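**Student:** I have a structure here, written as structure tokens, and I will follow up with some questions on it.
The values are calculated or read from the model by the stated rules, or taken from the named source; none is laboratory data. These numbers come from a predicted model, not from an experiment. Quick reminder, even Gly has a Cβ in these numbers, built from the backbone with ideal geometry, and neighbours come from all protein chains shown. Just the protein is used for accessible areas: all its heavy atoms, side chains included, with ligands, DNA and RNA removed. Shrake-Rupley method; radii C 1.70, N 1.55, O 1.52, S 1.80 Å.
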Amino acid sequence: MSTRPDPRRRGPQHGPDPDVLTTARLTLRPWHDRYAEDFFRLARDERVMRLIGSGVWSREYTMERHHQALRQWQLEGFGLRAILCDRRFAGLVSLTTVAQPDVPAPAREIGWWIDPEFWGRGIATEAATAVRDEAFGLGTATLVARCHPENAPSERIMVKLGMTYHGDGLDRYGRPCRVYTMPRPTPRPTPRPTPRPTPRPGDSRAGRAGPSGERR
């Protein structure tokens, strides 16, 4: 059995551009106009959209969501990211502020779409793990994710992220979905070093020399 660490479990790293996240295999770039056509390509792919709940998107609606993503970055400094694998567009991962009244605020929702060409390679898990860590670094109190009941692959990813089933709800299109949440992890206290006992005057163990002359 291999003892090599799973590269998908490494935390995200920031490159020269502080807004860019990198992992062992991926570069997660803030949303940009250059990704608009890739966005539409996925939005009209029935293999991707059958699990989203809305059906395929029109170009008009895709461009509306594209511009919303650009505005979010300007206003909040985080949001939709392009997933690049070997410099190729492999999908997208999102982080948005949501109103989830039954969990501690601020709550932010994570989501992902992966190009079918990259399915089965752990891309979604690796990208989502990086954005999960980013979310908590931004002060998120509760991470939220949603999937449709038939979307078992995304549900497994949510569990891998450390999320737990919260209940049933509705997606933004009014369709039933399963809701997963994760509270911000509590920082582990730094263990204090155990102080060594100070020898007392007259202690027979203090200052006694051994056969080679060293102090015991």
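**Student:** Which net charge results for the neighbourhood of PRO185, defined as the other residues with beta-carbon distances under 14 angstrom from its beta-carbon, given Lys and Arg at +1 and Asp and Glu at -1? Display every interim value, and only then the final one.
**Tutor:** Numbers: positive: ARG132, ARG184, ARG188; negative: ASP133, GLU134.
Net charge in that neighbourhood comes out at +1.
**Student:** Using a 1.4 Å probe and ignoring any ligands, DNA or RNA, find the accessible area of CYS85 and quote it in Å² to the nearest 10.
**Tutor:** 10
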